[in-house]
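Working notes, beginning with the structure itself.
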Amino acid sequence: MIENACFEDTGFSYTLSLISGKYKMVILYCLMEYEVVRFNELRRYLKNISDKTLSQNLKELEKDELINKVIYPQIPPKVEYSLTLRGKSLMEVIDKLCTWGEKNRR
């Protein structure tokens, strides 16, 4: 019955909470395509994103265990991002969205 149902309790709601926002899915897509990506490469890929916004999105994706962040101890610092196993499992969903978009593009 719908009167007892709550959208926030659904798996769909949880998935949306992980990938909502303007850039998270694009970041995940980029990591799916290029596997290991540095911060500046992501910024160039996303074009109009500020450093602060990109940083915040990356931190949230890392907190949600969808991406890995590796910091290399060198000067200048080198930081690389990649998908975790959990993030890779989400790529099936994003890949289906891509397929749907290709089939239904006008």
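No lab work stands behind these numbers, since they all come straight from the coordinates. These numbers were taken from a predicted model, which means no experiment stands behind them. Cβ placement follows ideal geometry from the backbone for every residue including glycine, while neighbour counts extend to all protein chains displayed.
For K69, the aspartates and glutamates whose Cα falls under 18 Å of its own Cα, not counting residues fewer than eight places away in the same chain, are E33, E35, E41, D51, E60, E80. Where (1) 1.62; (2) 1.00; (3) 1.23 are the candidate values, the label of the one calculated here for Cα Rg over 2.2 N^0.38 Å is (3). When the alpha-carbon atoms of the range 63-106 are used, the pair Rg, Dmax equals 15.6, 48 angstrom.
Positive-end ranking of Y29, L83, N48 along the dipole of the range 22-104, with charges on Cβ about the Cα centre, is headed by N48.
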